[in-house]
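The values are calculated or read from the model by the stated rules, or taken from the named source; none is laboratory data. As the structure is a computational prediction, the values presented were derived from the model and not from experiment. All Cβ positions, glycine included, derive from the backbone under ideal geometry; neighbour counts span all protein chains shown.
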Amino acid sequence: MDVLFPSRPLSISIACDPARVYAYVRDPRNLPQWAEGFCKSVRKTEKGWIAETPQGPVTIRFCPDNPCGVLDHFVGIAQGAEIAVPMRVIPNGSGSEVLFTLFRAPDMSAQTFMEDADLVERDLLSLKARLEE
């Protein structure tokens, strides 16, 4: 039987070149500057990037660098489980569109899912503000 998780696509238009948006988002060192709902700090270790989140430390890794604007990343949580986070930056006129898909985990309440979506929306607004400065 197929399992499909509820999802919520989120996007934001940013008046900034897609290559610049891609490079900024893809650098984990920038996460605390725009993704405050996700992490407060990030550090590189021998095993990869560790983000300090409100729920504790998690690992984070991006898909390989690519010319297509794919910013998919994977957040490692307890006991080695990873959450896939689909994300893209695509051209939108002379600027960019950042696309983010939020999935609702099977054990997540509807309220928590809404709160997560609100956090992502705030982070995307922060990203826009930083890149349009």
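Here are a few things to note about the model shown:
- Taking the criterion of being over 10 Å from the mean Cα position of the chain (by Cα), at pLDDT below 95 and β-branched (Val, Ile, Thr), the residues of region 61-91 that qualify are 77, 83.
- Applying a threshold of 8 Å to beta carbon distances and a minimum spacing of six or more residues, or different chains, the list of pairs starting in region 60-82 at a residue that is in contact (Cβ under 8 Å) with a residue 40 or more places away in the chain and ending at one that is in a loop (DSSP other than H, G, I, E, B) reads 71/63.
- Looking only at region 1-29, and only at residues there that are aliphatic (A, V, I, L, M) and either at pLDDT 95 or above or in a helix (DSSP H, G or I) (or both), the one that is nearest to the chain's Cα centre (by Cα): 25
- Selected residue (criterion: nearest to residue 5 (Cα to Cα)) from residues of region 83-96 that are buried (at least 18 other Cβ atoms within 10 Å of the Cβ) and free of Cβ contacts under 8 Å to residues at least 24 places away in the same chain: 85
- Among (1) touching a Pro at 6+ places or on another chain (Cβ under 6 Å); (2) of a type in the set (S, T, N, Q); (3) under 16 Å from residue 5 (Cβ atoms) - the single one residue 109 does not satisfy: (1)
- Selection count where residues are over 15 Å from residue 10 (Cβ atoms) and part of a loop (DSSP other than H, G, I, E, B), scope region 84-120: 7
- Checking residue 126 against (1) out of contact with any Lys or Arg (no Cβ under 9 Å at 6 or more places or on another chain); (2) modelled with pLDDT under 95; (3) among the hydroxyl-bearing types (Ser, Thr, Tyr), the condition it does not meet: (2)
- Positions within region 12-29 being surrounded by 15 or more Cβ atoms within 10 Å (Cβ to Cβ) and touching a residue at least 60 places away in the same chain (Cβ under 8 Å), in sequence order: 12, 14, 16, 17, 18, 21, 22, 24, 25
- Verdict on residue 107 being surrounded by fewer than 17 Cβ atoms within 10 Å (Cβ to Cβ), within 23 Å of residue 48 (Cβ to Cβ) and not β-branched (Val, Ile, Thr): no
- A single entry from 102, 124 fulfils the requirement of being touching a helix residue (DSSP H, G or I) at 6+ places or on another chain (Cβ under 6 Å), within 18 Å of residue 7 (Cα to Cα) and not acidic (Asp, Glu): 102.
- Region 30-75, subset among the basic types (Lys, Arg) and in a loop (DSSP other than H, G, I, E, B), residue surrounded by the fewest Cβ atoms within 10 Å (Cβ to Cβ): 47
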